[in-house]
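Quick notes on the structure that follows.
The values are calculated or read from the model by the stated rules, or taken from the named source; none is laboratory data. Please read these numbers as outputs of a predicted model, since none were measured by experiment. Cβ placement follows ideal geometry from the backbone for every residue including glycine, while neighbour counts extend to all protein chains displayed. SASA here: full protein model, heavy atoms, side chains in, ligands and nucleic acids out. Shrake-Rupley method; radii C 1.70, N 1.55, O 1.52, S 1.80 Å.
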Amino acid sequence: MNEIQQEIQSNIKRIIDEIPKGVRLVAVSKYNSNDRIEAAYSVGQRLFGESRAQELVPKAQTLPKDIRWHFIGHLQTNKVKYIVPYVSCIESVDSFHLLSEINKQAQKINRVIPCLLQFHVAVEETKFGFNIEECKQMLLSDVYKEFCNVSIIGVMGMASITTDTDYIRKEFRQVKQIYTKLKSDFFANDDKFSEISMGMTHDYKIAIEEGSTIVRVGSGIFGERMYGNLS
Ligand SMILES: *Cc1c(COP(=O)(O)O)cnc(C)c1O
């Protein structure tokens, strides 16, 4: 076991100790190699996050089968078919068009894919995500009501990258409000709709205080990413 692997293991243990019982940790392993993921796996981590299809697929094929993979990045519709056999959740559903494609591809392999709807609350970090009106229109549509191979289990959001923690907190509150509104208007009788994915390395503590149920931590576990490390 090398130094980096030991570091990864102590980071995982520390974060697991820190977060409350009801909050799940997604270890964001993008741009990190299999041996680093295995270091996390060997201290019990089973939930990992990837943001690129071409990275998730080979990892899922070669690493232990009891790993659960969350897809967390912007997903192009032409990549959906590659990842649906491997993901346990797609956290970054940001359009009706994408949800429709996930439903179609999941149907072909007879799966129901748990999905989170991504909302755009940050100022400019990402242009991806629903706004509440678009989302309501989708949920009210007859087309959506026919989807049998996707299960919407909650919402996902990212805060702005800033050192202003009040600002970050405000954005997380917005995500929580969206969740609460959708829960009461569309999912009141659906126990599966229960997840709020928010919080990354630099803001997961604030996110938990504001109601997060899933935190996505990458560099806080694996260290700073070396982009271009993997092809
Ligand atoms: C990369 C990424 C993360 C993890 O970011 P860190 O700052 O390294 O913790 C979380 N969520 C999404 C959507 C990401 O793309």
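What to note about this one:
- Count of region 115-157 residues, restricted to those that are of a type in the set (A, V, I, L, M), in a loop (DSSP other than H, G, I, E, B) and touching a Phe, Trp or Tyr at 6+ places or on another chain (Cβ under 6 Å), is 0.
- Only a single item in (1) in a helix (DSSP H, G or I); (2) away from the ligand (no atom under 15 Å from the Cβ); (3) closer than 30 Å to N131 by Cα is not met by E38, and it is number (3).
- Some residue of region 1-17 being among the basic types (K, R), surrounded by 12 or more Cβ atoms within 10 Å (Cβ to Cβ) and not in a helix (DSSP H, G or I): no
- Residue within region 144-157 that is among the aromatic types (F, W, Y), at pLDDT 95 or above and within 16 Å of the ligand (Cβ to nearest atom) present: no
- The lone exception for I109 - which of (1) open to solvent by 20 Å² or more (accessible area, probe 1.4 Å); (2) in contact with a strand residue (DSSP E or B) (Cβ under 7 Å, 6 or more places away or on another chain) it fails: (2)
- Any hit, region 61-69, residues being in a helix (DSSP H, G or I), in contact with a Phe, Trp or Tyr (Cβ under 6 Å, 6 or more places away or on another chain) and at pLDDT 95 or above: no
- Positions within region 187-223 being assigned to a loop (DSSP other than H, G, I, E, B) and either of a type in the set (K, R) or within 15 Å of the ligand (Cβ to nearest atom) (or both), in sequence order: K192, M198, G199, M200, T201, H202, D203, S212, T213, G218, G223
- Meets criteria (within 16 Å of the ligand (Cβ to nearest atom) and either touching a residue at least 12 places away in the same chain (Cβ under 8 Å) or surrounded by fewer than 20 Cβ atoms within 10 Å (Cβ to Cβ) (or both)) for T162: yes
- Subset of region 29-40 [open to solvent by 10 Å² or more (accessible area, probe 1.4 Å) and either among the β-branched types (V, I, T) or under 14 Å from M200 (Cα atoms) (or both)]: K30
- Taken over region 78-111, the criterion of being more than 16 Å from the ligand (Cβ to nearest atom), among the charged types (D, E, K, R) and part of a loop (DSSP other than H, G, I, E, B) is satisfied by R111 alone.
- Of all residues in region 158-186, those satisfying the criterion of being over 20 Å from the mean Cα position of the chain (by Cα) and not in a helix (DSSP H, G or I) are T162, T163, D164.
- Residue match in region 166-180 (condition: free of Cβ contacts under 8 Å to residues at least 24 places away in the same chain, within 16 Å of the ligand (Cβ to nearest atom) and of a type outside the set (K, R)): no
- Hits in region 41-57 (condition: surrounded by fewer than 19 Cβ atoms within 10 Å (Cβ to Cβ) and either closer than 25 Å to S100 by Cα or among the hydrophobic types (A, V, I, L, M, F, W, C) (or both)): V43, L47, R52, Q54, E55, V57
- Check on G129, farther than 29 Å from V43 by Cβ and open to solvent by less than 40 Å² (accessible area, probe 1.4 Å): yes
- Verdict on M226 being open to solvent by less than 20 Å² (accessible area, probe 1.4 Å) and more than 8 Å from the ligand (Cβ to nearest atom): no
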